[in-house]
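What follows is one structure encoded as structure tokens, with my remarks underneath.
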Amino acid sequence: MPELRRDPITHEWVVISTERAKRPHDFARQSRTPAQQETNCPFCAGNESKTPPEVLAYRVDGTAPDTPGWLVRVVPNLYPAFGPASGDLAAQKDGLYQSMNGLGGHEVIITSPSHTEDIASLPLEQVDCMTRAYIDRYLSHKANPIVQFVHIIQNYGRDAGASREHPHSQLFAIPLVPELVATELEGAQRHHTERGSCVFCDVLQEELRGGERIILENERFVVFAPYASRVPFEMWLMPKAHRPRFETMGEHDVSAFSAALQEALALLRNGLNDPPFNYWIHTTPTQMAVDDVYHWHLEILPKLSFAAGFELGTGIMINSALPETAAAFLREKRAIAT
Ligand SMILES: [Zn+2]
Ligand SMILES: [Zn+2]
Ligand SMILES: [Zn+2]
């Protein structure tokens, strides 16, 4: 019988469809053609002139901006969804209709000069650099009074919306708090009012006690399959300690976060044959003070299924994999790999 599960944070329901349940192996995709070197890639070292001028780069000493010699490079998106960074929001209402200017920012964070190596396969120090670039650019946009939320994402693989093969993340600085984050905040506030505790910390405690949905952990971070996973092999990466804001991570957190992210993505790649995925960071909106209530996390959603009429029309996802089975499968892959 299909089982309805409710997310303890958002209170949204998902259908875990055991009728349709497949074995984890069935989600492994056909082998994907690995990324091929291309000569015209604007994100490759040597092609810096093909992008707008860099806004940040960690460079080998003595190398000039917009030339090779960088480890991580951040450039404005050529076709920004948000921007410029300042101006008149011109928020207005016209009868039922509301509008404002899409001020803010939209940047590309190029993971490394390598066209073919990504987070799962790069040296860990390189992933640390990427994480530091996330934080540096986050802080820069947070200082802009127009910006209310900074959304950092990665789309991996064409089926997950990556328009370029060269591994990269994107940062969106936006002039409002997005609905999904508002829903999580509302849920977290409700839980805090009722029980006086952080719902994310409580979920983590429950997960660590049971253990059946834990995928991996290190000294500071845990990766688990959420109880009400919306898609097969959904994973959440969360700091073990209560941390409301992503951008306040110290050096030790940066390395532990990068290591956990790398390991989670390597498990996906090795266990499921390199599937496309999207990940994003949910953290406290830049201008809010909800330190006791909210707890930052990174959500990874592999693209192994798609939302159709039921999901789009109801907002209720049908997930054809049991989160417990998915977690056990990935744990096993990890045991084999280590
Ligand atoms: Zn490239
Ligand atoms: Zn917490
Ligand atoms: Zn979230």
Pick from region 150-180 the residues that are more than 16 Å from ligand 1 (Cβ to nearest atom) and within 30 Å of residue 39 (Cβ to Cβ): which of them is farthest from the chain's Cα centre (by Cα)? 159
Odd one out for residue 321 among (1) surrounded by 17 or more Cβ atoms within 10 Å (Cβ to Cβ); (2) touching a Leu at 6+ places or on another chain (Cβ under 9 Å); (3) at pLDDT 95 or above: (3)
Residue ID - surrounded by the fewest Cβ atoms within 10 Å (Cβ to Cβ), chosen from residues in region 70-101 that are within 14 Å of residue 53 (Cβ to Cβ) and among the hydrophobic types (A, V, I, L, M, F, W, C): 78
Selection count where residues are within 15 Å of ligand 3 (Cβ to nearest atom) and not aliphatic (A, V, I, L, M), scope region 222-278: 13
Restricting attention to region 293-312, report how many residues are part of a loop (DSSP other than H, G, I, E, B), buried (at least 18 other Cβ atoms within 10 Å of the Cβ) and more than 11 Å from ligand 3 (Cβ to nearest atom). 4
Would you say residue 266 is at pLDDT 95 or above, aliphatic (A, V, I, L, M), within 16 Å of ligand 2 (Cβ to nearest atom) and surrounded by fewer than 19 Cβ atoms within 10 Å (Cβ to Cβ)? no
Count of residues meeting criterion [in contact with a Phe, Trp or Tyr (Cβ under 8 Å, 6 or more places away or on another chain) and more than 16 Å from ligand 2 (Cβ to nearest atom)] in region 286-304: 6
Can you tell me how many residues in region 102-125 are surrounded by fewer than 18 Cβ atoms within 10 Å (Cβ to Cβ) and among the acidic types (Asp, Glu)? 2
Odd one out for residue 197, checked against (1) among the small types (Gly, Ala, Ser); (2) touching a helix residue (DSSP H, G or I) at 6+ places or on another chain (Cβ under 8 Å); (3) within 22 Å of residue 301 (Cβ to Cβ): (3)
Scan region 126-138 and tell me whether some residue there is surrounded by 20 or more Cβ atoms within 10 Å (Cβ to Cβ) and part of a strand (DSSP E or B). no
Considering only strands (runs of 3 or more DSSP E) fully contained in region 198-261, which possess at least 3 residues that are crowded, with 19+ Cβ neighbours inside 10 Å and modelled with pLDDT under 95? none
When you go through 51, 33, 39, 67 one by one, which is the residue that is more than 16 Å from ligand 3 (Cβ to nearest atom), free of Cβ contacts under 8 Å to residues at least 24 places away in the same chain and surrounded by 12 or more Cβ atoms within 10 Å (Cβ to Cβ)? 67
Count - residues of region 1-52 that are aromatic (Phe, Trp, Tyr) and either assigned to a strand (DSSP E or B) or farther than 30 Å from residue 178 by Cβ (or both): 1
So, first residue under 14 Å from residue 291 (Cα atoms) in region 181-207, second residue small (Gly, Ala, Ser) and more than 12 Å from ligand 2 (Cβ to nearest atom), Cβ within less than 9 Å, six or more apart or across chains; the pairs are 199/187
Please count how many residues of region 21-47 are within 26 Å of the chain's Cα centre (by Cα) and within 13 Å of ligand 1 (Cβ to nearest atom). 8
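The values are calculated or read from the model by the stated rules, or taken from the named source; none is laboratory data. All figures in this text were calculated on a predicted structure; none of them were measured in a lab. Every residue, glycine among them, receives a Cβ derived from its backbone with ideal geometry; neighbour counts consider all protein chains shown.
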